[in-house]
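A.B. asks: Okay, handing you the structure first.
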2 protein chains.
Amino acid sequence: MLRSHTCGELRLSDKGKKVQLSGWVQKVRDKGKLVWIDIRDRYGITQLIFEEENTSNDVFNTAKKCGREFVIFVEGNVSERSSKNDKLNTGEIEVLVDKIIVLNESEVPPFTIEEDSDGGDDLRMKYRYLDIRRSNVKDKLLLRHKLLKTTRDFFNNADFIEVETPVLIKSTPEGARDFIVPSRMNQGQFYALPQSPQTFKQLLMVGGLDKYYQLVKCFRDEDLRSDRQPEFTQIDCEMSFVDRSDVIQTFGNFMSHLFKKILNIDIGEIPIMKYDDAMKMYGSDKPDLRFDMKICDISSVTQGKGFKVFDDAESVLAISVPGCSNYSRKDIDEITEYVKTPQIGSKGLVYLKVNEDGTFKSSVDKFYSSDDLKSISKLCKANQGDLILILAGEENQNLKAISELRLLMGKKTNLFDNKIFKPVWIVDFPLFIWDSESDRYHSVHHPFTSPLTDDIESIKNDTRNIKANAYDLVINGVEIGGGSIRIHDRKLQETIFEVLGFSKEEAKNQFGFLLDAFRFGTPPHGGIAFGFDRICSLFAGEESIKDFIAFPKNTSGRDVMIDSPSIIDNDQLDELGIKLSD
Amino acid sequence: MLRSHTCGELRLSDKGKKVQLSGWVQKVRDKGKLVWIDIRDRYGITQLIFEEENTSNDVFNTAKKCGREFVIFVEGNVSERSSKNDKLNTGEIEVLVDKIIVLNESEVPPFTIEEDSDGGDDLRMKYRYLDIRRSNVKDKLLLRHKLLKTTRDFFNNADFIEVETPVLIKSTPEGARDFIVPSRMNQGQFYALPQSPQTFKQLLMVGGLDKYYQLVKCFRDEDLRSDRQPEFTQIDCEMSFVDRSDVIQTFGNFMSHLFKKILNIDIGEIPIMKYDDAMKMYGSDKPDLRFDMKICDISSVTQGKGFKVFDDAESVLAISVPGCSNYSRKDIDEITEYVKTPQIGSKGLVYLKVNEDGTFKSSVDKFYSSDDLKSISKLCKANQGDLILILAGEENQNLKAISELRLLMGKKTNLFDNKIFKPVWIVDFPLFIWDSESDRYHSVHHPFTSPLTDDIESIKNDTRNIKANAYDLVINGVEIGGGSIRIHDRKLQETIFEVLGFSKEEAKNQFGFLLDAFRFGTPPHGGIAFGFDRICSLFAGEESIKDFIAFPKNTSGRDVMIDSPSIIDNDQLDELGIKLSD
């Protein structure tokens, strides 16, 4: 090894030792007869000192010529620093160098290798290998590593077996967003990359493996947002002979374990909330429970008092924002602008200030009596000093709008605390959703999700109201994982395919192997998949997943570092039996 | 959970307990008033007993109706067996059942779910989910799981960081066997699936991550042999600030750790052998060292004695096969046939028996004196009772032929012991190999391999003889892993590209990001990659890797279970901007 120690290792107790270090030049301070170099590696930074008096000319001059990011090897003696640096683990010592070798030079890097780099996002992505040298990016990759390890330890200890499912699988028309791979040996045919190993993990249960997990790359060719990547990592799990409570217990324990091991936080028992309740109270199946601010239906009070906007609306909903009764006209105008943006789509905003002195001030004073306002305030459980915000409109749109408004007000009032974690299980989702465009039902999760046992009989005559035996784990408003008890009965699976509009032949073509498997003793089973990239960013208290991926792609699906995707020789396309469209 | 215990868990100490089990019906024995069912899950088999006298009619009749592979739930009391079965962990008990639920029925499976199944390979692959129920297949997947875990534990403990490198990368013309993936968002352009994460792991070293590992899926679209799969798993590793001895030490320790943990075998220090020596002594860079039988050049004795075949040959090589001097005419004819097959390509075989009584018997007696034969015998270090086999021919062909003959004789004389493991590091490979078809040099490993330091100066004028700073780990004649110290100097990398016939522009187009990276302080680094599927089969003492892969593909690259690859809708191809060739 080109070192006896790493750059994060030496302490005062090593004083007097002859040591060898290798690493990158972080900083050179040249004071004429003295030169200090900070040498950096993955493990830390150590201060080197070169004294003109006590060092050979060669060594001293080499030190003077070192620039930022040069790779050097040094040998020297550990000595105690006169001025110690308590921000560094190695801050009590320095190494008095008597030998230096420049292992590799460096041009001036395109941006500074510091926590606060001067490089913009695009530049840092082009030189991602330099970006990774920055301690904050490196720390994110180390956190990811720790989460990988802790995850595997948990499942290994719980007797889950890790199985690698195939990456070259079969495309299904359901998955319009499959990446596909032309087969050279089977020309005119294509593999697909998995959006998830769903059917394979179910087949592993059919195969009797009982408890399966895998940290697995999945792929989705959809238009990318800032928090989506075309390839992403899933913690994929499945268990046999379980019901919903078993799954929720097992994977709740898993999350508790992660929080305890990585962040030393006890998240306690994770509450369970029904989908209908989540929608009613938070307007979302991904409620952020770090703050309360529940949605109230106030139409019972507002109705029939002559305010046409409310009288004509399907829905009148309110939230009470704590401590904001002192919001200015300008503040409220800003919020009004927000709710009128197309993505929210409200027509306007009504406010009701519950002043500190107990009086009310509202934008619709003339329509509502003081008693009305008091009733609204009471419905919203508002306290003195709170600001009640009211939206009206079409039922679904209004619920979505007030849910977004709730999140905005949470952010504005600093209730988004990245150090607090509020997980919740959401259960009893609808099984189907009507899609007017394709004029048929779609699965809310996927077609292998079991209905609740009590609902099975009414699948065909009450399709819209059938509940799924599914569960999502939501933390701080983000869906971290989701899964379900699966169908294990062939007839039920066929019924579901039928409701979804599959002909018998289509079902057979696409999922024949699964329907076949159901003929040979499929056990009751269920599972879950967690978004691992999302867990990484959550645990670091960040919103974007990009920095937690070593080599991410941009929103056009490009890796700008290696410049991919790229064009391919016609020869190679010929050999695969495909050509570009004209 | 639909069970209180697994089917492998109950012991005599559980006697009297009320328990619940779930699993598959392995066997039903119906003796009229008594029915026994063996119930099976991943963990084992437990005997259930149903007594007409002591059970309700319902339960008793349900038991009688159970067929093979039915999935059942039972509740009952643990009791001591009258006739114990010491082959089963649960063989001292049985469960006296008073409740049974058939969770799922099963048709008669297409083959028996037994160690020795009656199902052929094709049938078992089509119903792979049933094949996995067989204990021998299940055990292979469990061994793989254990190897995955033990591998990760080793590298985690040694401070390696696990990093996931991308799957959607860039195609290089060098890698004619890339699988490619059309990009929807960047029409006319393609991603490629990695044949290895080689450049990425080097960039991680440039990024300062110091020690990296990953268990990673890799892809190669080449014609498949029985021991090749289009997707395979690699243990991929890289370290900074190391020389060859550091790498060999670290990964030698890794192999020792695997053997100790998994098989409880001490493999000791792994010997290091030069490529030239391996070729000379074993005719192969993958020598099987479970047996000696070294190759001897005997031309110094055979030359000029009037035997034209030997006199005209570039090479005359011999091996001495222990204890086979009693081989019959027929035995030797069989071997002769073998060496004359096209894949070996020898013209014939000469033998020399060193009889037990010290006399010689040879097929070329009339050309060689007794002294000559004695000299040959001495060169080959033959003992009395040995059989010397001699091949002559063109140098390279003859070396390859005798190497194959050596392996055949090893197998014939039962020297292939699957319980013995003889690892060896092969080093000092040639860096380049001349390819007459493309009329240029190719890399023996890959273009990022560093030459030995002493050879760097003569790269251009003695190209053929430059040695690589590379190393392969070979165990029992199989290449288990290979790697090298990498080039970290931009100029040297450019020289190598030049020797390989890349124009500056080609080099820039394909590896510009790597050459760029070399400008900003790339550390000395090196690494290795192990074939994980191969390690699994080696540790199980098997030759084929297929059964160690949960869902393997056949030699046409097809998954016959899911019937993939498959045709794709024209709509989907349109959206990707490609079409099939006419």
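A.B. asks: Quick one: in the stretch B:187-338, what % of C-alpha pairs are over 26 Å apart? Write out the running numbers ahead of the final one.
C.D. replies: Details: 6611 of 11476 pairs.
Of all Cα-Cα pairs in the stretch B:187-338, 58 percent lie more than 26 Å apart.
A.B. asks: Go through the stretch A:170-247 and name the trypsin sites (Lys or Arg not before Pro) that are in a DSSP coil and have 16 or fewer other Cβ atoms within 10 Å of their Cβ.
C.D. replies: A:ARG177, A:ARG225, A:ARG228
A.B. asks: What's the local net charge at A:VAL321, with K and R +1, D and E -1, over the other residues with C-beta under 13 Å away? Don't skip to the answer; put the middle values down first.
C.D. replies: Details: positive: A:LYS294, A:LYS353, A:LYS381, A:ARG406, A:LYS411, A:LYS412; negative: A:ASP292, A:ASP331, A:ASP386.
Its environment carries a net charge of +3.
A.B. asks: Averaged across the residues of B:199-207, what count of C-beta atoms belonging to other chains lies within 10 Å of each residue's C-beta? Walk me through the numbers before you get to the answer.
C.D. replies: Numbers: counts 1, 6, 0, 1, 9, 6, 1, 8, 14.
Taking the mean over all residues of the peptide, I get 5.
A.B. asks: In Å, the Kirkwood hydrodynamic radius of the stretch B:401-488 over pairs of distinct alpha carbons?
C.D. replies: Taking every pair of different Cα atoms in the stretch B:401-488, averaging 1/r and inverting gives 15.1 Å.
A.B. asks: So what's the gap between the Cα centers of the stretch A:507-545 and the stretch A:208-267, to the nearest angstrom?
C.D. replies: First find each Cα centre; the distance between them is then 9 Å.
A.B. asks: Around A:LYS340, with a cut-off of 13 angstrom between Cβ atoms, what is the net charge of the other residues, counting Lys and Arg +1 and Asp and Glu -1?
C.D. replies: On the way: positive: A:LYS347; negative: A:ASP333, A:GLU334, A:GLU337, A:GLU404.
Net of charged neighbours comes to -3.
A.B. asks: Gap in Å between the Cα centre of the stretch A:68-83 and the Cα centre of the stretch B:107-179?
C.D. replies: 48 Å
A.B. asks: Sticking with this structure for a sec: Take peptides B:503-511, B:81-89, B:19-27 and line them up by average Cβ neighbours within 10 Å, highest first, as a rough protection proxy.
C.D. replies: Details: B:503-511: 15.6, B:81-89: 11.1, B:19-27: 21.7.
Result, highest mean first: B:19-27, B:503-511, B:81-89.
A.B. asks: Give the Cα extents of chain A along the principal axes, in whole Å, largest first.
C.D. replies: 93, 75, 54
A.B. asks: For the protein assembly as shown, just say rounded, prolate or oblate: build the C-alpha gyration tensor, square-root its eigenvalues into a ≥ b ≥ c, call rounded for a/c under 1.5, and beyond that prolate if a/b exceeds b/c, oblate if not.
C.D. replies: Oblate shape, in that a/c is at least 1.5 and b/c is the bigger or equal ratio.
A.B. asks: Which net charge results for the neighbourhood of B:GLN202, defined as the other residues with beta-carbon distances under 15 angstrom from its beta-carbon, given Lys and Arg at +1 and Asp and Glu at -1?
C.D. replies: +3
A.B. asks: When N is the residue count of the stretch A:12-104, what does its C-alpha Rg come to as a fraction of 2.2 N^0.38 Å?
C.D. replies: 0.97
A.B. asks: Can you pull the percent of Cα pairs in the stretch B:291-412 with separation above 26 Å?
C.D. replies: The answer is 10 percent, as a whole percent.
A.B. asks: Taking 8 Å as the Cα distance limit and 6 or more residues as the minimum spacing, I'd like the relative contact order of the stretch A:25-146 as a percentage.
C.D. replies: Relative CO of the stretch A:25-146 lands at 21 percent.
A.B. asks: Can you find, among A:GLY501, A:ILE72, A:GLY91, the residue sitting farthest towards the positive end of the charge dipole of chain A, where Lys and Arg contribute +1 and Asp and Glu -1 at Cβ?
C.D. replies: It is A:GLY91.
A.B. asks: Let's see if you can work this out: charge +1 on each Lys and Arg Cβ, -1 on each Asp and Glu Cβ, no other charges. What is the dipole magnitude of the stretch A:291-412 about its Cα centre, in debye to the nearest 20?
C.D. replies: The dipole of the stretch A:291-412 has a size of about 180 debye.
A.B. asks: Using unit Cβ charges (K, R positive; D, E negative) and no other charged atoms, how large, in debye to the nearest 20, is the dipole of the protein assembly as shown about its Cα centre?
C.D. replies: Values: 158 positive and 188 negative charges, 426 e Å.
The dipole magnitude comes to about 2040 debye.
A.B. asks: Tell me which of A:SER369, A:SER171, A:GLY188 sits at the most positive position along the dipole axis of chain A, charges placed on C-beta atoms (Lys, Arg +1; Asp, Glu -1).
C.D. replies: So the residue we want is A:SER369.
A.B. asks: Also, I was wondering about something else. May I ask you to sort B:VAL167, A:VAL321 by Cβ crowding, counting other Cβ atoms within 10 Å and putting the fewest first?
C.D. replies: Neighbour counts put them in this order, fewest first: B:VAL167, A:VAL321.
A.B. asks: Let me ask another. For A:ASP98, what residues show an amide H to amide H distance below 5 Å, using hydrogens built from the backbone and excluding near sequence neighbours?
C.D. replies: For A:ASP98, whose amide H was placed from the backbone, the distant partners under 5 Å are A:GLU75, A:GLY76, A:ASN77.
A.B. asks: If we sort B:481-490, B:58-67 on the protection proxy, mean other Cβ atoms within 10 Å, highest first, what's the order?
C.D. replies: Those peptides, ordered most packed to least, come out B:481-490, B:58-67.
Here, each number is a calculation from the coordinates, and none is a lab measurement. For clarity, every value in this text was computed on a predicted model and none was experimentally measured. Every residue, glycine among them, receives a Cβ derived from its backbone with ideal geometry; neighbour counts consider all protein chains shown.
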